[in-house]
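The following block contains the structure, expressed as structure tokens.
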Amino acid sequence: MTNNWVDIKNANLIIVQGGNAAEAHPVGFRWVIEAKKNGAKLIVIDPRFNRTAAVADHYVPIRSGSDITFLMGVIHYLLENDKIQHEYVKHYTNASFLINEGFKFEDGLFSGFNQEKRNYDKSTWSYQLDENGNAKRDMTLQNPRCAINLLKEHVSRYTPEMVEQITGVKQKDFLYVCEEIAKTSAPDKTMTHLYALGFTEHSTGTQNIRSMAMIQLLLGNIGMPGGGINALRGHSNVQGTTDFGLLPTSLPGYMRLPTDKDATFEQFINAITPKDIVPNQVNYYHNTSKFFVSTMKAFFGDKATKENSWGYDYVPKTDRLYDPMTQIQMMLDGKMHGWICQGFNALNSLPNKNKTVEAMSKLKYFIVLDPLQTETSEFWKNFGEANNVNSADIQTEVFRLPTTCFAEEDGTIVNSGRWVQWHEKACDQPGESLPDVDIFSMIREEMHNLYKKEGGRGIEQFEAITWNYAVPHSPQAEELAKEINGYALEDLYDTNGNLMYKKGQLLSSFAHLRDDGTTSTGNWIYVGQWTEKGNQTANRDNSDPSGLGVTLGWAFAWPANRRVLYNRASLDINGNPWDKHRQLIKWNGKNWNLHDIADYGAAPPNADVGPFIMSAEGVGRIFSLDKVGDGPFPEHYEPVESPIDTNPLHPNVVANPTVRIYDYDRGFIGTNDKFPYVCSTYRITEHFHSWTAQSALNIIAQPQQFVEIGEALAQEKGIQKGDMVKVSSTRGYLKAVAVVTKRIKALQVDGKTVHQIGVPIHWNMKALNGKGNPGFSPNNITPSWGDANTQAPEYKTFLVNIEKVGA
Ligand SMILES: Nc1nc2c(c(=O)[nH]1)N[C@H]1C(S)=C(S)[C@@H](COP(=O)(O)OP(=O)(O)OC[C@H]3O[C@@H](n4cnc5c(=O)[nH]c(N)nc54)[C@H](O)[C@@H]3O)O[C@H]1N2
Ligand SMILES: Nc1nc2c(c(=O)[nH]1)N[C@H]1C(S)=C(S)[C@@H](COP(=O)(O)OP(=O)(O)OC[C@H]3O[C@@H](n4cnc5c(=O)[nH]c(N)nc54)[C@H](O)[C@@H]3O)O[C@H]1N2
Ligand SMILES: [Mo]
């Protein structure tokens, strides 16, 4: 979230599009209700009339997979009707920047498309530069190459008629939403946007989010209380895992891992440090080398020296993506032989389950760390109908290592609002289970002993890792939290020669990190979580002096305890608030802190220094340059499996040309003659993924796999509520009870009636009451292709057939 949960109460308008917060985030959703009590309107845009829609002021049904069209239509409306926040757009976005003359968009493709590789040469997705290498701007916004004018041209195709044709949303409905959104272009009105997987799990997922972020920039809603673009995260600590770079190609704090191309430390730092492109901007990522070197000092301690480029050679270099979908493909291709699955019920959660089983069956060994006995830990079993698994053929050696769960450990959990919150252990773990950290520490100890005895490749790297815990096989949460925060490794002085830290003291700010080996941090954005004043994540003072939900004394919010990101943009260029009733920060002669911690330097008001200090330009981007792989502007592409077979905007380019897909999966693309219905998978409050299908109380509340279908489709197919139905795709099928509902309506899309079907994801093969799901998994039917940038599978939009079967 750019903002945070409590801040939602400050909004004038809440759009929930691409998520079902009342269902999947019922606790945080209370802030939406608070906002409503304050007079806010709630609009829900979703294929289903869901539990969030049930408390909305206005609900708009939309065809799954068509949000970009809707949102580009909104931008078209805002620009046509002059409903943007002009001062904000001019000064705080790249609207005025002149775009490379070579950039164009034609017949569904941006300039630079490589047909063979299905990717883009992005060199034209850039600014025009002057002779000094600075980006050219036209503050009058007249130049046709201004980003805003190219955007105007780009969205001109997204008329209300086109929106209706592609999305199925009636023009009247669409225009109502446009009008409500447009009201928040007033400097003192804000809209917040809440989303989750309804946006991300598409072949155009990243661009869905970009679309809304662009709207928020045009309306001047980023940085404002009650504004922002707010991802409601999934598992309770998924925010934490992302912050720590749990993707195999990331490092903590949103730094990437070097690749084979980054031969030296200098080359790598150069590649990840953005150049100045507009004079006098903060360009905070200037400091990247300080973050990286300090991380190396945490990883390798004294073994990271200036002479060995801070241990750069110890860091693994990646040669390709290693997301789970790639891993599955590599197993299938016989290129990956061992797999460690930690807290991951892969068999249930990855798409195209039959592919997952086939891939896992080729593993030589498989290690699973989980408190539960999951389907994944028994992937070699034939769970019944719809599974073509022959256990006798599977030779994989499986090791099951039982772990604790969060309630059996001290530690922190990070919520969607970036709050790092300490929690205490509630009870001891049962049986032989151990904390994950202990298990890995014991594996490390064992490897250490083996290396000592036998030597071997990688020993230098391995032995370089710092391991300064009181009990080496059981590091404590306090020790880890302090290590993550980071230390002064020498006495540190400021530029005036005053002592800031004694050697060994905990750092209080990432602004104090250095790239000369005198500081360490395990994650630069977490510096400040545990200082000489103690554990900041355990702070529990909820006083809120501004009344805006800014509780600086409650937990620690990264970065720097800031509650609203980009908050300098809530003031105009002279430092006056756009809304004087909702003021977060203010110049006080020394810095900009008021109620919140300012997202800006400590320089006095200067109209030339942009508020978006993390971008080299100092502004937010309505033209995303080369940062997003499938285009600097979002464009509507049909889902890979489309119910209409064409793209009304450009019939020659139907689906996302850069969609992430393996050749293997191309064989599984279904067509709408055999699979005419749009299917989406989703959650219900009563269950959490498939863990709770193993728990009696939850299975009593929601006993059995069901599918939701609209009344018109039910009638067409002769299905009554309670009938057993079979839902199938090219990947497989599942059987479930039919729920016939008014909550899903057929839509008219491109002159065709499109029916949508909903499949909740919670009952899998080990569901408690057997009847739950005899071998069926919702991921029997889902596809293994996905977003070009994030690799998120297209779980939310694919084609199926449905038919009635005997009970
Ligand atoms: N009770 C409970 N809560 C949970 C979870 C759980 O299992 N149980 N899981 C957690 C996890 S890991 C996550 S990631 C979050 C997910 O949180 P959400 O994303 O909110 O949950 P979903 O139910 O997957 O999907 C949300 C909505 O997206 C809609 N949708 C589908 N396709 C589209 C589309 O193309 N456009 C639009 N506008 N909407 C679409 C669906 O109809 C559905 O209402 O929930 C978390 N919270
Ligand atoms: N069709 C379809 N598929 C989906 C989705 C969808 O919307 N539709 N959503 C996707 C999303 S958003 C997500 S997040 C994934 C979820 O995919 P998974 O993360 O595989 O889902 P969970 O079932 O939550 O599995 C987590 C496992 O961690 C274990 N666990 C809990 N605590 C601990 C611990 O402290 N240590 C260890 N080692 N293990 C622990 C649990 O027992 C559980 O088995 O599913 C994805 N799959
Ligand atoms: Mo998730």
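The values are calculated or read from the model by the stated rules, or taken from the named source; none is laboratory data. The structure displayed is predicted, hence computed values, not measured ones. All Cβ positions, glycine included, derive from the backbone under ideal geometry; neighbour counts span all protein chains shown.
I'd like to check something: does the range 175-182 contain any residue that is closer than 21 Å to residue 620 by Cβ and away from ligand 2 (no atom under 16 Å from the Cβ)?
Start the filter on the range 175-182 by keeping residues that are closer than 21 Å to residue 620 by Cβ, which leaves 181-182.
Those still in the list that are away from ligand 2 (no atom under 16 Å from the Cβ) too: 181-182.
Yes, because at least one residue in the range 175-182 is closer than 21 Å to residue 620 by Cβ and away from ligand 2 (no atom under 16 Å from the Cβ).
How about the range 205-233: which of its residues are within 16 Å of ligand 2 (Cβ to nearest atom) and aliphatic (A, V, I, L, M)? Can you show your working first?
Start the filter on the range 205-233 by keeping residues that are within 16 Å of ligand 2 (Cβ to nearest atom), which leaves 205-206, 208-209, 231-233.
The answer is 209, 231, 232.
Taking the conditions exactly as written (of a type in the set (Asp, Glu) and within 16 Å of ligand 1 (Cβ to nearest atom)), does residue 138 satisfy them or not? Can you show your working first?
Values: of a type in the set (Asp, Glu): yes; within 16 Å of ligand 1 (Cβ to nearest atom): no.
Considered against the rule, which asks whether it is of a type in the set (Asp, Glu) and within 16 Å of ligand 1 (Cβ to nearest atom), residue 138 comes out as no.
Okay, next question. Picking from 641, 635, 686, 617, which residue would you name as being in a loop (DSSP other than H, G, I, E, B) and either touching a Gly at 6+ places or on another chain (Cβ under 6 Å) or assigned by the TED database to the domain that holds residue 91 (or both)?
Testing whether each residue is in a loop (DSSP other than H, G, I, E, B) and either touching a Gly at 6+ places or on another chain (Cβ under 6 Å) or assigned by the TED database to the domain that holds residue 91 (or both) leaves just 641.
Just checking, which of 91, 86, 76 is in the same structural domain as residue 221 (by the TED database) and in contact with a helix residue (DSSP H, G or I) (Cβ under 9 Å, 6 or more places away or on another chain)?
76
Conditions tested, residue by residue: (1) in contact with a strand residue (DSSP E or B) (Cβ under 7 Å, 6 or more places away or on another chain); (2) more than 30 Å from residue 752 (Cα to Cα); (3) free of Cβ contacts under 8 Å to residues at least 40 places away in the same chain.
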site: 167; (1), (2), (3): no, no, no
site: 172; (1), (2), (3): no, no, yes
site: 182; (1), (2), (3): no, yes, no
site: 190; (1), (2), (3): no, yes, no
site: 195; (1), (2), (3): yes, no, no
site: 200; (1), (2), (3): no, no, no
site: 206; (1), (2), (3): no, no, no
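Here are the criteria: (1) touching a helix residue (DSSP H, G or I) at 6+ places or on another chain (Cβ under 6 Å); (2) over 29 Å from residue 793 (Cβ atoms); (3) surrounded by 22 or more Cβ atoms within 10 Å (Cβ to Cβ). Tell me which single one residue 152 does not satisfy.
Just one mismatch for residue 152, condition (3).
Which residue out of 253, 240, 234 is small (Gly, Ala, Ser) and at positive phi?
Numbers: 240 fails: at positive phi; 234 fails: at positive phi.
After ruling out the rest, the residue left standing is 253.
Something else about it: Can you tell me which residue within the range 415-463, out of those that are among the hydroxyl-bearing types (Ser, Thr, Tyr) and touching a residue at least 60 places away in the same chain (Cβ under 8 Å), is surrounded by the most Cβ atoms within 10 Å (Cβ to Cβ)?
416
I'd like to know if the range 356-364 contains one or more residues that are free of Cβ contacts under 8 Å to residues at least 12 places away in the same chain, in a helix (DSSP H, G or I), small (Gly, Ala, Ser) and not assigned by the TED database to the domain that holds residue 25. If you could, list the steps in order and put the result at the bottom.
Within the range 356-364, the first condition is being free of Cβ contacts under 8 Å to residues at least 12 places away in the same chain, and the residues that meet it are none.
Looking through the range 356-364, none of the residues is free of Cβ contacts under 8 Å to residues at least 12 places away in the same chain, in a helix (DSSP H, G or I), small (Gly, Ala, Ser) and not assigned by the TED database to the domain that holds residue 25.
For the range 107-150, enumerate the residues that are farther than 27 Å from residue 637 by Cα and touching a strand residue (DSSP E or B) at 6+ places or on another chain (Cβ under 8 Å). Give the derivation first.
In the first step, residues of the range 107-150 are kept if they are farther than 27 Å from residue 637 by Cα; the result is 128-143.
If the condition is that a residue be farther than 27 Å from residue 637 by Cα and touching a strand residue (DSSP E or B) at 6+ places or on another chain (Cβ under 8 Å), then 128, 129, 135, 136, 137, 138, 143 are the ones that fit.
Something else: Among the listed residues 674, 735, which satisfies the condition of being surrounded by fewer than 17 Cβ atoms within 10 Å (Cβ to Cβ), outside any helix (DSSP H, G or I) and among the charged types (D, E, K, R)?
674
Which residues, taken from the range 375-411, are hydroxyl-bearing (Ser, Thr, Tyr) and either part of a strand (DSSP E or B) or surrounded by fewer than 16 Cβ atoms within 10 Å (Cβ to Cβ) (or both)?
391, 403
May I pose another question? In the range 229-261, which residue that is outside any strand (DSSP E or B) and charged (D, E, K, R) is nearest to the chain's Cα centre (by Cα)?
It comes out as 233.
Tell me yes or no: at least one residue of the range 732-743 is within 11 Å of ligand 2 (Cβ to nearest atom), touching a strand residue (DSSP E or B) at 6+ places or on another chain (Cβ under 9 Å), at pLDDT below 95 and of a type outside the set (A, V, I, L, M).
Scanning the range 732-743, I find no residue that is within 11 Å of ligand 2 (Cβ to nearest atom), touching a strand residue (DSSP E or B) at 6+ places or on another chain (Cβ under 9 Å), at pLDDT below 95 and of a type outside the set (A, V, I, L, M), so the answer is no.
Quick one: which residue in 582, 514 is more than 26 Å from residue 184 (Cβ to Cβ) and among the basic types (Lys, Arg)?
When all the criteria are applied, what remains is 514.
Keeping to the range 471-518, report how many residues are among the hydrophobic types (A, V, I, L, M, F, W, C), over 12 Å from residue 529 (Cα atoms) and under 30 Å from the mean Cα position of the chain (by Cα).
Residues meeting the conditions: 3.
Restricting attention to the range 416-454, and to residues there that are β-branched (Val, Ile, Thr) and touching a strand residue (DSSP E or B) at 6+ places or on another chain (Cβ under 8 Å), which single residue is farthest from residue 405 (Cα to Cα)?
420
Another one. So residue 340 fits all but one of (1) over 30 Å from residue 397 (Cβ atoms); (2) within 28 Å of the chain's Cα centre (by Cα); (3) without any contact (Cβ under 8 Å) to a residue 60 or more places away in the chain; what number is the exception?
Here residue 340 clears every test but (1).
Residues are listed down the side, and each one gets a yes or a no for (1) among the basic types (Lys, Arg); (2) crowded, with 24+ Cβ neighbours inside 10 Å; (3) under 29 Å from the mean Cα position of the chain (by Cα); (4) under 24 Å from residue 51 (Cβ atoms):
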| residue | (1), (2), (3), (4) |
| --- | --- |
| 748 | no, no, no, no |
| 756 | no, yes, yes, yes |
| 763 | no, yes, yes, yes |
| 776 | no, yes, yes, no |
| 779 | no, yes, yes, yes |
| 783 | no, yes, yes, no |
| 786 | no, yes, yes, no |
| 790 | no, no, yes, no |
| 800 | no, yes, yes, yes |
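For residue 347, work out the one condition from (1) assigned to a helix (DSSP H, G or I); (2) more than 9 Å from ligand 2 (Cβ to nearest atom) it doesn't fulfil.
In the conditions (1) assigned to a helix (DSSP H, G or I); (2) more than 9 Å from ligand 2 (Cβ to nearest atom), residue 347 misses (2) alone.
In addition: On the given criteria, is residue 372 part of a loop (DSSP other than H, G, I, E, B), at pLDDT below 95 and not hydroxyl-bearing (Ser, Thr, Tyr)?
yes
Here is a further query. Within the range 217-252, take every residue that is of a type outside the set (A, V, I, L, M) and crowded, with 24+ Cβ neighbours inside 10 Å and give me the one that is nearest to ligand 3 (Cβ to nearest atom). Write out each step before concluding.
Pass one, the range 217-252, residues of a type outside the set (A, V, I, L, M): 220-221, 223, 225-228, 230, 233-237, 239-245, 248-250, 252.
Narrowing further to those that are crowded, with 24+ Cβ neighbours inside 10 Å: 220-221, 223, 225-228, 230.
Numbers: 220: 31, 221: 26, 223: 27, 225: 27, 226: 26, 227: 24, 228: 20, 230: 15 Å.
Going through the qualifying residues, I end up with 230.
Quick grid of which residues meet (1) of a type in the set (Gly, Ala, Ser); (2) surrounded by fewer than 20 Cβ atoms within 10 Å (Cβ to Cβ):
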site	(1), (2)
268	no, no
278	no, no
283	no, no
291	no, no
308	no, yes
317	no, yes
325	no, no
334	yes, yes
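Check off (1) part of a loop (DSSP other than H, G, I, E, B); (2) closer than 27 Å to residue 260 by Cα; (3) hydroxyl-bearing (Ser, Thr, Tyr) for residue 312 and give me the number that stays unchecked.
Status for residue 312: all satisfied but (1).
So which of 788, 738 is under 29 Å from residue 329 (Cβ atoms), in contact with an Asp or Glu (Cβ under 7 Å, 6 or more places away or on another chain) and away from ligand 3 (no atom under 16 Å from the Cβ)?
Numbers: 738 fails: under 29 Å from residue 329 (Cβ atoms).
Result: 788 is the single residue among 788, 738 that is under 29 Å from residue 329 (Cβ atoms), in contact with an Asp or Glu (Cβ under 7 Å, 6 or more places away or on another chain) and away from ligand 3 (no atom under 16 Å from the Cβ).
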